[in-house]
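The values are calculated or read from the model by the stated rules, or taken from the named source; none is laboratory data. Bear in mind the structure is a predicted one, so any value in this text is a computation, not a measurement. Here Cβ is always computed from backbone atoms with ideal geometry, including for glycine, and neighbour counts include all displayed protein chains. Accessible surface areas use protein heavy atoms only, side chains included; no ligands, DNA or RNA. Shrake-Rupley method; radii C 1.70, N 1.55, O 1.52, S 1.80 Å.
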Amino acid sequence: MDIAIIGCGFVADYYLATLQLHPELKVLGVMDRNTERAEHFASFHGLEVYPSIDALLADQRIQIVVNLTNPDSHYEVSKVCLESGKHVYSEKPLAMSFDDANELVEIAEKKDLQIVGAPCSLLGESAQTLWKAIRDKEIGDVYTVYAEMDDGLVHRMPYRKWFSASGIPWPAHDEFEVGCTLEHAGYVLSWLPAFFGPAVSVTAFSSEQIKDKETDFPLVKHGPDLSVACIKFKSGVVARLSCSIIAPHDHSLRVFGQKGILFVDDTWHYRSKVYMRSLFNIRRRMIINPFKKKIKLLGKQRAKIKFGGSQSMDFSLGIVELASSIQEKRLSRLSPQFSLHVTELALAIHNAGVDGSCYRVQSSFDPIDPMEWAI
Ligand SMILES: NC(=O)c1ccc[n+]([C@@H]2O[C@H](COP(=O)([O-])OP(=O)(O)OC[C@H]3O[C@@H](n4cnc5c(N)ncnc54)[C@H](O)[C@@H]3O)[C@@H](O)[C@H]2O)c1
């Protein structure tokens, strides 16, 4: 399927690297409002440059536009793409407000198109293996999930030395201005509703704890660098998610049930091992088995591209799934309504503020299917 990319920044190099694993997707060209950057990126990867977004959208061969612009541009770029009849795969979040994200999904529905959002780690081996273990009731009924999304004191790390393969600097301003919840929480927020169904409420707190981050540029706005949320799902499960760029790196997820604990050490890593510890009673005590049982990862061993920082995410998996769904005339597993739901949860946590909020979730979605190799 023919695709095009808008936004030739840091993450675009990751997409290009992982697109090598998926020859069924062909990048016809790229575009960036920073023309110099687009030309540099295109020559590095041997691609064509579209001189404008209009020129890109006029190319009838393109079915999917991959929106890799900064979060503040997601809405306007996705909207014009949908209005021009293109399916959209957007980096997270779909938009910076629920109303804008909802409008994009409505436009897509009216035009019989799909807009779906990253991240796509739900389609990876770890998430699918964990999900099957939950469905198979390996730990009985699930009561609660604890999820961490901490990345350490990023503002004190040598981020000025972080460059993508083609030499694009890591966009520190987005990390600090957009904030870590909108930037990172999606990696877990996309797993939980898939496993436990739609969420009904989000009780959350968010705060900027480090106001004097030493940056080389003035911060135009200040995103929260800490958030904590309890998400209640219609099924009765409750998840607690903490997100920060303060506490040391921890992307772990633990699922607590009747008969034991399922856990993954790193939800960013598509092939992170899935483990289980069972509970049992000895005389008057309940014991958590000190020996963890490894649950065999589902799915075949895929080739992977190694790059620093972002673990071994296959950024293109979500585009492959969207392309397959278009060809098979079905909704993507990361359907527009599902992607809207994930965006709404992230925005609810991000916007909770220091006084906290109890937010009623408006969106919902039809149950989504596991990958065929994980049924
Ligand atoms: N940096 C990472 O490690 C990382 C990882 C995963 C996901 N993401 C997500 O990917 C997206 C892009 O992040 P990035 O790190 O590549 O940022 P970046 O700033 O390096 O690149 C974004 C590019 O989009 C371009 N752009 C912005 N608005 C545009 C518009 N209206 N039209 C055309 N071009 C426009 C900018 O000129 C820039 O070149 C964000 O949503 C981010 O959350 C980033």
Q: List every residue pair whose Cβ atoms lie under 9 Å apart, where the two residues are 6 or more positions apart in sequence or sit on different chains, the first residue falls within the range 145-167 and is touching a residue at least 12 places away in the same chain (Cβ under 8 Å) and within 30 Å of F233 (Cα to Cα), and the second residue, located anywhere, is assigned to a helix (DSSP H, G or I) and open to solvent by 80 Å² or more (accessible area, probe 1.4 Å).
A: none
Q) Within the set of pairs 6 or more residues apart or between chains, which connect a residue that is without any contact (Cβ under 8 Å) to a residue 60 or more places away in the chain inside the range 75-86 to a residue that is part of a helix (DSSP H, G or I) and near the ligand (Cβ under 10 Å from one of its atoms) with Cβ atoms less than 8 Å apart? A) V80/I53
Q: Please report, ordered by residue number, the helices (runs of 4 or more DSSP H) entirely within the range 124-227 with at least 3 residues that are in contact with a Pro (Cβ under 6 Å, 6 or more places away or on another chain) and open to solvent by 10 Å² or more (accessible area, probe 1.4 Å).
A: none
Q. How many residues does the range 319-328 contain that are within 13 Å of L21 (Cα to Cα) and open to solvent by less than 20 Å² (accessible area, probe 1.4 Å)?
A. 1
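Quick check, is R277 modelled with pLDDT of 95 or more, open to solvent by 50 Å² or more (accessible area, probe 1.4 Å), under 21 Å from M96 (Cα atoms) and charged (D, E, K, R)? Break it down into steps so the answer makes sense when it comes.
Values: modelled with pLDDT of 95 or more: yes; open to solvent by 50 Å² or more (accessible area, probe 1.4 Å): yes; under 21 Å from M96 (Cα atoms): no; charged (D, E, K, R): yes.
The answer is no for R277.
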Q.
Here's a check for you: in the range 29-83, which residue that is within 9 Å of the ligand (Cβ to nearest atom) and assigned to a loop (DSSP other than H, G, I, E, B) is nearest to the chain's Cα centre (by Cα)?
A. L68
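Identify all residues within the range 221-280 that are among the aromatic types (F, W, Y) and either over 25 Å from K296 (Cα atoms) or in contact with a helix residue (DSSP H, G or I) (Cβ under 7 Å, 6 or more places away or on another chain) (or both); write none if there are none.
F233, W268, Y270
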Q) So, of the residues in the range 1-20 that are away from the ligand (no atom under 12 Å from the Cβ) and touching a helix residue (DSSP H, G or I) at 6+ places or on another chain (Cβ under 9 Å), which turns out to be least open to solvent (accessible area, probe 1.4 Å)? A) I3
